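What follows is one structure encoded as structure tokens, with my remarks underneath.
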Amino acid sequence: MYARSGLLSQRSCSSHGRECATPVLAAQRRNNSTATKIAVEFDQSTGVAVMRLQGPPVNSLSLDFLTELCINVEKLEMDKNCRGLILTSSQPKVFSAGLDIMEIYGKSPERCGEFWRAVQEMWLKLYGSSMVTIAAINGSSPAGGCLMSMTCDYRIMADNPRYSIGLNETQLGIVAPFW
Ligand SMILES: CC/C=C\C/C=C\C/C=C\CC/C=C/CC(=O)SCCNC(=O)CCNC(=O)[C@H](O)C(C)(C)COP(=O)(O)OP(=O)(O)OC[C@H]1O[C@@H](n2cnc3c(N)ncnc32)[C@H](O)[C@@H]1OP(=O)(O)O
């Protein structure tokens, strides 16, 4: 969902002076899901968009979820009026549970490859964004959820001892790549 419907589809990328396009098209081609996992509200007066993750129960990062996230970030990126992005969760107690483990369990190498490319695309898009990005971490944020928040320029986390954040996959001996 993008609150300023119609605007982006009518404008060319070059009119905004920002780089765009190919990754969005790739992501759009991939996005066959009709359910909306990402809600975006853009405040014209402040130039700040709030992106709410709303993939029940725990905003796990499935291929559909990642695709929708990337499409929405790219749309905002193309809008020259949008200067800031706040990423937060609509789910109670959880910002994001990280990668959807069912996307990598028992899947073909091709499907795993597609999924992993979508993971890379997500963090590269956020990390390379020209918008000021803030993760408002209003719940637990393990593993891929932590990665997502680390790619933002700033992080603010709800002060609640029940919420945790970190790369918990290291407990299984899985470490993030060195690049
Ligand atoms: C700047 C950066 C530069 C470079 C970086 C480049 C690359 C980096 C590469 C890698 C780093 C990132 C790596 C990521 C790996 C992963 O993300 S693997 C996934 C790891 N996630 C977890 O271990 C989370 C496990 N879940 C939890 O801890 C809890 O569920 C959570 C605290 C999130 C919520 O707790 P609670 O509210 O009690 O809910 P439940 O535990 O009852 O869960 C509810 C249902 O949700 C299902 N679920 C939970 N997590 C996942 C998940 N990750 N995927 C799929 N499904 C999940 C859970 O099974 C329950 O389902 P059910 O109701 O039983 O059907």
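The values are calculated or read from the model by the stated rules, or taken from the named source; none is laboratory data. In this text the structure is predicted, and so the values were computed from the model without any measurement. Using ideal geometry, Cβ is built from the backbone for each residue, glycine included, and neighbour counts are taken over all protein chains shown. What goes into the accessible areas is simple: the full protein's heavy atoms, side chains included, and nothing from ligands, DNA or RNA. Shrake-Rupley method; radii C 1.70, N 1.55, O 1.52, S 1.80 Å.
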### Sequence ranges 156-165, 96-105, ranked by mean other-Cβ count within 10 angstrom, highest first
96-105, 156-165
### Query
Cross-link partners among lysines for K75, C-alpha distance below 16 Å, same-chain residues fewer than 8 apart left out?
K37, K125
## Note on the structure
A correct Karplus calculation of ³J(HN,Hα) over the stretch 82-97, with 6.51 cos²θ - 1.76 cosθ + 1.60, θ = phi - 60°, whole Hz and x for Gly and Pro, returns 8, 10, x, 9, 10, 9, 8, 10, 8, 7, x, 6, 10, 7, 7, 7
### Task
For D153, D64, D79, write out the residues from largest to smallest accessible area, computed with a 1.4 angstrom probe and no ligands counted.
D153, D64, D79
### Query
Radius of gyration and Dmax for the stretch 38-172's Cα atoms, expressed in Å?
14.5, 48
## Note on the structure
If amide H atoms are modeled at 1.01 Å from N in the peptide plane, then the residues at a separation of 5 or more from L87, or on another chain, having amide H under 5 Å from its own are M51, I134, A135, A136
### Task
Enumerate the amide H contacts of S140 below 5 Å, restricted to partners 5 or more residues apart or on another chain; note that Pro and chain-start residues carry no placed amide H.
V94, F95, S164
### Query
Hey, if we sort S60, S141, S45 by accessible area with the 1.4 Å probe, largest down, what's the order?
S45, S60, S141
